[in-house]
1. What are the pairs with Cβ atoms under 9 angstrom where one residue, in the stretch 259-273, is on the phi > 0 side of the Ramachandran plot and the other, located anywhere, is small (Gly, Ala, Ser)? Sequence gap at least six, or different chains.
2. Would you confirm, using the coordinates I've provided, whether residue 463 is in contact with a Leu (Cβ under 8 Å, 6 or more places away or on another chain), among the acidic types (Asp, Glu) and over 30 Å from residue 345 (Cα atoms)?
3. Just one of 326, 334 is at pLDDT 95 or above and either within 21 Å of the chain's Cα centre (by Cα) or β-branched (Val, Ile, Thr) (or both); which is it?
4. Name the single residue that is surrounded by the most Cβ atoms within 10 Å (Cβ to Cβ) among those in the stretch 214-233 being at pLDDT 95 or above and basic (Lys, Arg).
5. With the requirement that a residue be in contact with a strand residue (DSSP E or B) (Cβ under 7 Å, 6 or more places away or on another chain) and touching a residue at least 60 places away in the same chain (Cβ under 8 Å), what does the stretch 175-195 give you?
6. With 283, 294, 337 as the choices, which residue is polar (S, T, N, Q) and loosely packed, with under 14 Cβ neighbours inside 10 Å?
7. So which of 252, 239, 245, 200 is among the charged types (D, E, K, R) and either in contact with a Ser or Thr (Cβ under 7 Å, 6 or more places away or on another chain) or surrounded by 24 or more Cβ atoms within 10 Å (Cβ to Cβ) (or both)?
8. Residues of the stretch 203-213 being touching a helix residue (DSSP H, G or I) at 6+ places or on another chain (Cβ under 9 Å), surrounded by fewer than 19 Cβ atoms within 10 Å (Cβ to Cβ) and not charged (D, E, K, R), which ones?
Amino acid sequence: MKRVILAVLFASSAALQSAAAGPMVLSHDAIREHVETFNRNDHTHFGQAVSNEEAADWMAANIPLFDSPDPDINEIYHFRWWTFRKHIRDTEDGYVITEFLPEVSWSGKHNTISCPAGHHFREGRWLRDTRYLDDYAVFWFRRGGSPRLYSFWAADSILAHARVTGDFTRAIDLLPDLVANYRAWKEARLEPSGLFWQIDDRDGMELSVGGRGHGGRGIRPTINSYMYGDARAIAAIADCAGEEDLAATFRDKADRLRALVQDELWDPEARFFKVLPRGADATWVDVRELHGYTPWYFNLPEPGRGHETAWKQLTDPRGFHAPYGPTTAERRHPDFTISYEGHECQWNGPSWPFATTVTLVAMANLLNDYEQDVVGARDYFDTLRTYTRSHRLEREDGTVVPWIDENLNPLTGDWIARTRLSTWKNGTWDPGKGGRERGKDYNHSGYCDLVITGLIGLRPRADGTVVVNPLVPGGTWDYFCLDGVPYHGRSLTILYDKNGERYEKGRGLRVFADGRLIASSDKITRLEAELPPTEP
């Protein structure tokens, strides 16, 4: 039976009651204005747990509020929350999060697909109601989920959720399942070298340049980074559970995998992490692909070894830079392709929001955790702006609406799969592939988490320390505010007000916990503070 989604239900626990203190600066007016427009432009009205009619109330009860001088980022921040809630499905196995709204034949139980689940956890961890991801985590391992149908950094994702809520109960409870999942990956995909192999399609990256000629099979930076991230996460969860031997075992696994990735998957001439085909005497493929940035998603590359130079390719038009990029393969490569023939989902050049999300998370880690001068906050800001600009569709009548779909032409912004599919079955669109609206409101990427953890710079931790390091370049904005952020059972407000006039809470960068100022600076910079004791 469908559960009623009302704000009053969200105060069912002590943690939610504290976080439900909500915003101290911003109102819900922007949510309601945006949702009214989104609903009016929506021609599908796929209904799952939260209908369009309930969307504004649900968002007001759940999401951190956001304000900035950039109307495009403001709009797409709200739009991506509006689309995310469409994918919350209430089932007999609890809540799950879907990738496609229509049923697709390659999905698992309840139309779930593990490929984007890591993005679902990163995005959904900022909702006040923790039931969605708590149920979703259990589903993958105990309620019929298929966590290894595609690559999925499950342990890291569940740990990422716990670092926002401050509650590690679910992660500890699932620890045996996460260990078993790691061991199952090892049995299925571990090479004698100690590295993991995967098929590009099972990475969700069909017809990649690096997989061509090798049946898609290769020792890929993706799966090895995911397994490194999971090993580190299992060790951290085991520490929380007091299982010291298990923690030590998985730290050792992570350390060995880290060394192998750096020694075996780094092409020193191309200065990039690449696919290594399976087989004796194999050498790296001759193409740089965007997924070569995946190791930084998990802070795998060791600082000081020179790997940071790879990031030069992100801003190079011969590399991955494009008006609606980044591209999935470097543009200088002869097999770089923007094709409207053959398979509708190709990773040999088009821009994919999935890969863009990984890249921006990785880039934020680079800017926070490494000393380097290859890229800076301006590059993060510009890449996020490019990603924001891609969230558009021009309809047949010429109107332009917010949109998220599958893959983009990085030169024009056209949604390639949508254009391709419209020609199938004599223009009626193939229902076996999900039908006419397969890619509409596609949930295969993240956006709001990139704003929260990257642009505004809230860096989640397991302890009671709040770290804020905005990647808004100095002199770019006179103000911004992220308000009512549920974090460790508190409600955080992070704002910058150059003159102190917009929010009337003082000048500069300021961080509040439950309305109490805990850190401040006259300028945009890194701030660190301890959460104060809760009021009795």
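The values are calculated or read from the model by the stated rules, or taken from the named source; none is laboratory data. Keep in mind that this is a model prediction, so the values were computed, not measured. Cβ atoms come from the backbone with ideal geometry, glycine included; neighbour counts cover every protein chain shown.
1. 271/306; 271/310
2. Numbers: in contact with a Leu (Cβ under 8 Å, 6 or more places away or on another chain): no; among the acidic types (Asp, Glu): yes; over 30 Å from residue 345 (Cα atoms): yes.
Taking the combined requirement at face value, the residue does not satisfy it.
3. Of the residues listed, the single one that is at pLDDT 95 or above and either within 21 Å of the chain's Cα centre (by Cα) or β-branched (Val, Ile, Thr) (or both) is 326.
4. Within the stretch 214-233, the match that is surrounded by the most Cβ atoms within 10 Å (Cβ to Cβ) is 220.
5. Answer for the stretch 175-195, where residues must be in contact with a strand residue (DSSP E or B) (Cβ under 7 Å, 6 or more places away or on another chain) and touching a residue at least 60 places away in the same chain (Cβ under 8 Å): 191, 195.
6. Working: 294 fails: loosely packed, with under 14 Cβ neighbours inside 10 Å; 337 fails: loosely packed, with under 14 Cβ neighbours inside 10 Å.
Result of the check over 283, 294, 337: 283.
7. Details: 252 fails: either in contact with a Ser or Thr (Cβ under 7 Å, 6 or more places away or on another chain) or surrounded by 24 or more Cβ atoms within 10 Å (Cβ to Cβ) (or both); 239 fails: either in contact with a Ser or Thr (Cβ under 7 Å, 6 or more places away or on another chain) or surrounded by 24 or more Cβ atoms within 10 Å (Cβ to Cβ) (or both); 245 fails: either in contact with a Ser or Thr (Cβ under 7 Å, 6 or more places away or on another chain) or surrounded by 24 or more Cβ atoms within 10 Å (Cβ to Cβ) (or both).
Of the residues listed, the single one that is among the charged types (D, E, K, R) and either in contact with a Ser or Thr (Cβ under 7 Å, 6 or more places away or on another chain) or surrounded by 24 or more Cβ atoms within 10 Å (Cβ to Cβ) (or both) is 200.
8. 207
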